[in-house]
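In what follows, a structure is listed as C-alpha cells, so that the remarks can point back to it.
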Amino acid sequence: MQKYDPKKIEKKWQKYWEKNKTFEVQEDAKKDKFYSLIEFPYPSGEGLHVGHPRPFTAMDVISRKKRMEGKNVLFPIGFDAFGLPTENFAIKTGKPPAEVTKKNIANFTRQLKMLGFSFDWSRQVDTTDPNYYKWTQKLFLQFFKHGLAYKKNQPINWCPKDKIGLANEEVVNGNCERCGTPVEKRNKEQWMLAITKYADKLLDGLKNVDYIERARLQQENWIGKSEGAEVDFPLRMVPGQTDDKHFVKIFTTRPDTIFGATFLAVSPELAKSWLDIGWQASEEVKKYITQALEARTAVTAREEQEKTGISAGIVAINPVSKKEIPVWITNYVMGEVGTGAIMGVPAHDQRDFDFAKKFGLPVKQVVMQNIVVAGAAAPREGKDLVQRKVVTGIIHNPKNDTFLLLRRADKESSFVGGTIENGEDAITALRREIVEETGYTDFEIKSTSFPNFFGNGYKLRIDKNCLDFEYFYAVELKSEDRQEVSKEELAKHEPFLVPRAEVSKTITLTMHQYMWKYYTEEKPKYLIFDFDGVIGNTFEACAKAQMVIDNKSKEEAVEAMTRYFSSKPNHAKGHSLTEIEMVAKLDWTRRFGEEMAKLEYSLFSKFNKEIKNIPNTKVAIISAGSGLYIRNRIEETGLNPSHVLTFEDHHSKEEKIEQVCKDWGVSMKDVYYFTDSKADVYELEDCLDRKKIIGCAWGYCGYDLLRELLPENQVLKNPEDIHLLFADSVYENEGVAVESEFLNGLKTPEAKQKMISWLEENRIGKKQINYKLRDWVFSRQRYWGEPIPLVHCEKCSGWVPLPEDELPLKLPKVEKYQPTDNGESPLAAMEKWVKTKCPNCGGPARRETDTMPNWAGSSWYFLAYAMGGEKRLKEKGDKFWDKEMLKHWQPVDWYNGGMEHTVLHLLYSRFWNQFLYDIGMVPTPEPYAKRTSHGMILAKGGEKMSKSKGNVVNPDEMVEQFGADALRAYIMFMGPFDQAVEWDTNGLVGVKRFLDKVWNLQEKVENKITDTKIETALHQTIKKVTEDIDAMRFNTAIAKMMELVNEMSKADKISVVNYTYLVQILAPFAPHLCEELWDVLGHEKSLACESWPQFNPELIKESEVTLAVQVNGKLRDTITVAADISEEEAKRTALSSEAVKKWLEGKEPKKVIYVKGKLVSVVV
RNA sequence: GCCGAAGUGGCGGAAUUGGUAGACGCACACGACUCAAAAUCGUGCGGAGAAAUCCAUGAGAGUUCGAUUCUCUCCUUCGGCACCA
C-alpha cells in the first residue's frame, strides 16, 4: 500500500470530474430537482482566504449528499464582479477594471477548482459581462416602465474620499463603511427604486419561507412595520394666523397613552415649513430652527447629539382630554419619520421623559404596570374577574429600623393592608386596617412617590381572579402605643417586627416583593413604563408621577419657584403651569405655601367681598386663607367667583357661609366650596355636601395632602379643571369621562384598539401604518457599474428608455476612472457619449451618467443560473429568458450566505423577484425556499482576516501542506457552522491524522468477516451523519466518524461492507480521498453518483446497555445489563449492587425510578 | 434604549421530549519504537483529596428523586437596529 498522498489523488480526480462532466446538470423531469445556492464571490485581487470556503464547503457537502440521494442537483457558481476595490485599483493604477477583473476571476477559478467543489461550471455567470448586464438593464427598464424607478432630489450620504453617494446602510456610525471617512450630506438627484411599495409583500412573504430566525427577524426589523394612529392636535394662539383652525398631525404607536401627552414636539423641518407658509414665530424661535437644521447636515454620530428645544409659543389642545399643552420645537424629532411631529408622553417614553425633565414639562402617568402573579396564585382560566382597590402599608419602626409584618397561620407573611371598601379612600382604609390588624395607633401615613400598579392573580377565598389596583404607602410609627387586637384578627394573622435586612426574605406575596423593591430602590427608574400595562386611574397616577420631576436640588427648585412667582399670573394657559407642578414635592410645597399665605394676607384687606353668580347658576364660595390666590386663578379661566370669605371670617366659617346662603336663598348643601386647606375640609364636611367641597391643589396644600381627604375628582390640579366640574355635558363628551371610565383597566393592546376606534368615531384621528423601510437609492456616481439605459430629452419632457434592441448599453472606455470633483461619474466627462439622440422623437438628448449599484447584478443571478448561465446567455441572446426553465428550478431550495447579507442583498433580491413575479417573468413570488447563514472564520485573536492586518491564512498553503480534503474536513469540524470561529492551523493536524487513519484502514479490509460491534457503531454513525448534514451540524458528524474510525483502527480486521459504507458517508467531506478508495475497492463509476447508505434500525440497537444507578439523584454505580432487560429485573439488579447497599444504609427505598436504557434512580 | 443570541476544562467544542457533564479534536505529560528527532502507537489529562468522597456548566434562588437543559432575578459578552414616535 502506498502512503496517502493528497497532492497526487486530488489532481487526478479533479481532472476526472471535469473530463466526465460529472457535475454538469440537465433539466430532467424524471428526477427530483434540488437547487442549492451559495452567494457568488466578489473576485478581489487578493484571492481566496480560508474564510471563503466555509459556506462553499458546507453547501458542497449538502449538494454531494443530495446527489447521492438521487436528486438532480443544480449547484452553480459565478462572480459578482462589479465593485469598488477594482474601481479604486483602476483609479490608482489606471488599469482598466475589465482586464483586472478577468485576471482575478481566473485566479479565483483556479483556487475554487483546487478545493474540489462540485460546481456546475458550465452555468457560470459574470455580472460584468455585457451579455449578462444587458439583462440587468432590461430588468431595470421594467421597473422604470412600471413606475417603480423614479428620480428624486434628496439628501444623500456623501463620502468625500470615495466620491460616492452611499446608501444609508453603507454608513456605519456616521462613517463610510468602506474607508471610514466621516460622511457628509449632499443634495443630489438620485434614481430610486420604490421598494416601499413592496413593504407588505416582502413582509408577508417571510411567512412562507424557511429562513433562520435571525434572518427573518432582521428582515422584519428592517422593514419596521408599526401600527398606530395619526391624531390631529388643534393649535391655538398661532401668531400670524387669524383663525383657530390649525392642526398638527402626529403619529403614535401608543394611542392608549394619549391622556399622558403633556406637550407636543415638532421637528425643526416641520417648523421650517410652517415658517414658509406664514407662521410668525419669534426671532428666538426662528434662530433655533435655523441652527437645528444646520446641525442636521453635519452628520456626526447622531446618537451622541444632545436633546435641544425651544417653546414655540403656541398652545395645542390634547384632543382627548381637551387640556392645553405647550408646543415645543426640538431636534430629537425627525422630519422624515412619521409626520415629523409627536405627542410627548414623558411617563411612557424615555426620550420624552428626558426632554420633559430637561425643560421642566409635566409628567403624567396613565399606564400602570400590570404584574401577573405566577405559580399557585396565577390567574385561572374560566374564573370571574373582579376589579378591586387594595391598599398596603410598609410600616417602619424608626426606633430600631424594623418593619411591621403580619404572619398568617399558614406561615405566609405580608405587609399590613386590605381591600378598600366602597366609599372609602385609600388613606382611610389603610388607617383602619393598621389599627384593626396590628393595634398600633400612633403612626403617620406618608405620601410617597411610589408608582401605582395593578396586580393580577387568583384569590382562593373568593374563588375569583382579581385585577387589583394596588395603592401602597410608607408608614412611620411615631410610638409603640397599641390597643388590643381583636381575637378574630389575631386568629387570622399575627403582627411581628423584622429587621430591614430580613424583610425581603420574609414576605411571600409577589406584589409585596415589588412594593419592597420600589420602597428600597434609591433612584426610581421604574417610573417610565414604556412597556405594556393597564390604563389606570390617571388622576392618582398623575400625582405620583409628578414627584419624579422634582428630584431636583433645592437650588433648582427655589429658582423655579422664584421664576414662577416673579412672572405675572397672566400665563395660565400653556406651559407655565408646569413650573408649579414641578415643585410639588411635599416639604417644598409646604414652605412655599407658607410664604404665599403671608403674601395673600397682606393683600387681602384691599379687596372687599364681591358676590357674582358664576355660570350655570351654580353657587360657589371660596375659602379664606389663601382664597385670594385661588380666586385669581379661577378668574384667569374666565369665570367669576361668587363669594370670597374674608380673613375675619376665618374662625367662624360655618356661620358666615350660613349667612351667605341665606342671602342667596339657597341651601348650604347646594353650594360648592373651594379650598386648599385640609382643616377646612375637616371643619365643614358636616354642614356642607362633602361632594361639593373642592380641593385646589395649586394653592397651599399639594395634591397629595388633599387627596388624603377628598376623592380624586374633587381635587383640581389646574384652575381650568373647574370647567369640567361645572359643565357636566362637557365632562362626558369631551373625553375626561373616557379618561376615567372608558379605558380604565384595559390592557395595552385592547386599550390601543379602543382608543383608535374612539379617535376615528370622533374624527380626531385614524389608524395608520408606518414603515422604517426607505426607498432604495439606486444611483451611484461611479464608473464601474452597469450604465443606466435612459436618456433625458427636453422635447419629450423627461426620461426616455432605450429600446430593447439597443441593449446592452455598454460601459464605454474612459481615460480616467476618477469621479469628477462635483461628484458626477467619469462618464459625465465624456461629452461625446453623453450627447445622443432621443429614441422617442429623434431630437437631441443626454444620457444618464450614473451607474447601477452593486446590488443590481446580484438581485437576479440565481435566475440566470437556472436559465443556463453565461453559455446560454451568449447563445440565445434576446431569447435567453425562459420561464419554463425557471419553472423547473425555482425556487432555490437552499440558499446559504453570510449574516452581512441577510438584510440588504436578501431584501433587494426578494424585491426584484416579487416584482418579476407580479409582471409574470418568474414563476414564484419568493426566490428562496430556505436560507441559512454561516459564522465568519476569524484570524487568531478574534480579528477579521484582512490583508492590511497581515493575518490572512492562504488556502493555497494549506492545500499544499495538508491537502484539500483535510482543509475541507477541518473547516467543517472547527465548530458550530453558524457561529464565528478562530482559525487554528494546529487543529488541521488532527483532521489530517483522521484521514490518514481512514486511508490506512485499507490494509485491514477483508472479505469474509462479521463484527457486530463495529457494525452497530457504523449504523449509528450513518444515522448521525445523515441527520447532522441535513441540520448543518457538520462538526458532530465528523466527530462521530472519528469515533468510528478509532474503533475500526483498534480492530484486527474490518469487513469490506463496513469500510465501503464509511467511504460513502465520508465522501461529501473528503471527496478526492473517497473517490480514490472507492476505486481501490474496485468500483468503476464515480462515487459521486452512488447511492447514500441507509442505516439499518435493527443494527443500531446494542445488545448490552450500561445503566446509571443513582441514589437520591447522585450517581453511585453503573451496571451493564442486557438491552431488553425488564423493568423489575433492572431494579432488582440495581438494588443488589454493593454501592447501592452501602448508600441505603439498611433503609428501605421509598421509591425506585427506572428509565429504559438510561438509569435506575433510588430514593431514600 | 429596543430586538436577538450566547456564557461548560489550558483551548475549539460535545451532551436539551430533564437522566452517567466534558464526546471528538488541539495542546500538555509520561511510556513504546529510534543512535536521535519527526511521524506513529499506547496511557493519563476539570478542581481538591492518600483514599472514601466532595466541589464544579456566568451568579443567586425555585421546581424535581434528578437541572448544562425548565421557571424567576441578576451579571457579562457578542450581533442587529436606533432619537422610527
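Evaluate E = 1/(1 + (r/R0)^6) for A:Ile1009 and A:Val989, where r is the Cβ-Cβ distance and R0 equals 30 Å; express this FRET efficiency to the nearest 0.05.
Numbers: r = 32 Å, r/R0 = 1.06.
After rounding to 0.05, the efficiency reads 0.40.
Might you tell me the accessible area per residue for the range A:941-1032, computed with a 1.4 Å probe and given in Å²?
On the way: 4450 Å² over 92 residues.
Here the per-residue accessible area is 48 Å².
Per 0.36 nm of contour for each residue apart, how much would the distance between A:Arg216 and A:Leu275 grow if the chain were fully extended, relative to their Cα-Cα spacing? Write out the running numbers ahead of the final one.
Details: separation 59, 0.36 × 59 = 21.24 nm, distance 4.33 nm.
Gain in length upon complete extension: 16.9 nm.
Does the range A:961-1014 come out rounded, prolate or oblate, given a ≥ b ≥ c as the square roots of the eigenvalues of its C-alpha gyration tensor, rounded meaning a/c under 1.5 and, failing that, prolate meaning a/b above b/c?
Taking the square roots of the gyration eigenvalues as a ≥ b ≥ c, the range A:961-1014 is prolate.
Could you do me a favour and compute the accessible area per residue for the range A:34-193, 1.4 Å probe, result in Å²?
Per-residue accessible area for the range A:34-193 comes out at 33 Å².
For the pair A:Glu1043 and A:Leu938, how long in nm is the line joining their label points, each one 7 Å along Cα→Cβ?
Calculated label separation equals 3.0 nm.
Which lysines, if any, have their Cα less than 25 Å from the Cα of A:Lys1114, not counting same-chain residues under 8 positions apart?
Straight-line reach from A:Lys1114, under 25 Å: A:Lys1131, A:Lys1141, A:Lys1142, A:Lys1147, A:Lys1150, A:Lys1151, A:Lys1156, A:Lys1158.
Lysine pairs in the range A:868-982 with alpha-carbon atoms under 27 Å apart, 8 or more places apart or on different chains: how many are there?
The result is 10.
Which percent of the Cα-Cα distances in the range A:991-1102 go past 18 Å? If you can, show how the numbers build up before the last one.
Numbers: 2871 of 6216 pairs.
Looking at the range A:991-1102, the distances longer than 18 Å represent 46 percent of pairs.
Can you work out the FRET efficiency for the pair A:Lys1114 and A:Thr1036, with r the C-beta to C-beta distance and R0 = 41 Å, to the nearest 0.05? Each step should come with its number before you reach the end.
On the way: r = 29 Å, r/R0 = 0.70.
Plugging the Cβ-Cβ distance into 1/(1 + (r/R0)^6) gives 0.90.
Mind ranking A:775-788, A:794-807, A:469-482 by how tightly packed they are, going by the mean number of other C-beta atoms within 10 angstrom, highest first?
On the way: A:775-788: 24.3, A:794-807: 14.0, A:469-482: 18.4.
Going from most to least packed, we get A:775-788, A:469-482, A:794-807.
What order, most packed first, do the peptides A:155-161, A:131-137, A:281-287 have when packing is the mean number of other Cβ atoms within 10 Å of each residue? Before the final figure, lay out each step's value.
On the way: A:155-161: 18.1, A:131-137: 23.0, A:281-287: 14.3.
Order by mean packing, descending: A:131-137, A:155-161, A:281-287.
Suppose we look only past 24 Å in the calculated P(r) of the range A:1-131. What percent of the Cα-Cα pairs does that tail hold? Before the final figure, lay out each step's value.
Working: 3271 of 8515 pairs.
Roughly 38 percent, once rounded to a whole number.
Do any of A:Lys138/A:Lys207; A:Lys30/A:Lys1085; A:Lys12/A:Lys1040 go past 23 Å between their Cα atoms, and which? Let's see the in-between values first.
Details: A:Lys138/A:Lys207 30 Å; A:Lys30/A:Lys1085 21 Å; A:Lys12/A:Lys1040 29 Å.
From A:Lys138/A:Lys207; A:Lys30/A:Lys1085; A:Lys12/A:Lys1040, over 23 Å: A:Lys138/A:Lys207; A:Lys12/A:Lys1040.
Kindly state, to the nearest 0.05, the FRET efficiency for A:Glu189 paired with A:Asp918, given R0 = 30 Å and r defined as their beta-carbon distance.
Numbers: r = 27 Å, r/R0 = 0.91.
Efficiency for this residue pair is about 0.65.
Within the accessible area of the range A:8-120, what % is carbon and sulfur when the probe is 1.4 Å and the other protein chains stay in place?
Working: 2370 of 4540 Å².
On the range A:8-120, the fraction of accessible area on carbon and sulfur atoms equals 52 percent.
DSSP loop (so not H, G, I, E, B), at most 11 other Cβ within 10 Å: list which GluC sites (Glu not before Pro) in the range A:1021-1124 pass both filters.
Values: sites: A:Glu1027, A:Glu1043, A:Glu1047, A:Glu1075, A:Glu1076, A:Glu1084, A:Glu1090, A:Glu1098, A:Glu1102, A:Glu1104; in loops: A:Glu1084, A:Glu1090, A:Glu1102.
Sites meeting the loop and neighbour criteria: A:Glu1084.
From the cross-link list A:Lys678/A:Lys717; A:Lys185/A:Lys287; A:Lys1013/A:Lys1053, which pairs have alpha carbons spaced over 18 Å apart?
Values: A:Lys678/A:Lys717 15 Å; A:Lys185/A:Lys287 21 Å; A:Lys1013/A:Lys1053 12 Å.
Listed pairs above 18 Å: A:Lys185/A:Lys287.
How much length is gained if the chain between A:Ala1123 and A:Ile462 is pulled fully straight, taking 0.36 nm per residue apart and subtracting their Cα-Cα distance, in nm to one decimal? Let's see the in-between values first.
Details: separation 661, 0.36 × 661 = 237.96 nm, distance 5.45 nm.
Additional length available on full extension: 232.5 nm.
Could you work out the equivalent-ellipsoid semi-axes for the range A:882-958, taking the square root of 5 times each eigenvalue of the Cα gyration tensor, largest first, in whole Å?
On the way: eigenvalues 261, 37, 22 Å².
Semi-axis lengths for the range A:882-958 are 36, 14, 10 Å.
So what's the projected area for the range A:71-221, the Cα convex hull averaged over all directions, in nm²? Display every interim value, and only then the final one.
On the way: hull surface 52.0 nm².
Mean shadow area of the hull around the Cα atoms is 13.0 nm².
Fully extended, how many nm does the chain gain between A:Glu683 and A:Lys446 (0.36 nm per residue separation, minus their Cα-Cα distance)? Let's see the in-between values first.
Values: separation 237, 0.36 × 237 = 85.32 nm, distance 2.22 nm.
The A:Glu683-A:Lys446 span can extend by a further 83.1 nm.
Show me A:342-351, A:933-942 ranked by packing, highest mean number of other Cβ atoms within 10 Å first. Don't skip to the answer; put the middle values down first.
Details: A:342-351: 23.8, A:933-942: 16.4.
Final packing ranking: A:342-351, A:933-942.
The values are calculated or read from the model by the stated rules, or taken from the named source; none is laboratory data. Just so it is clear, the model here is predicted, and its values are computed rather than measured. Counting neighbours? That spans all protein chains shown, and the Cβs are built from the backbone with ideal geometry, glycine included. Calculation scope for accessible area: heavy atoms of the full protein, side chains included, ligands and nucleic acids excluded. Shrake-Rupley method; radii C 1.70, N 1.55, O 1.52, S 1.80 Å.
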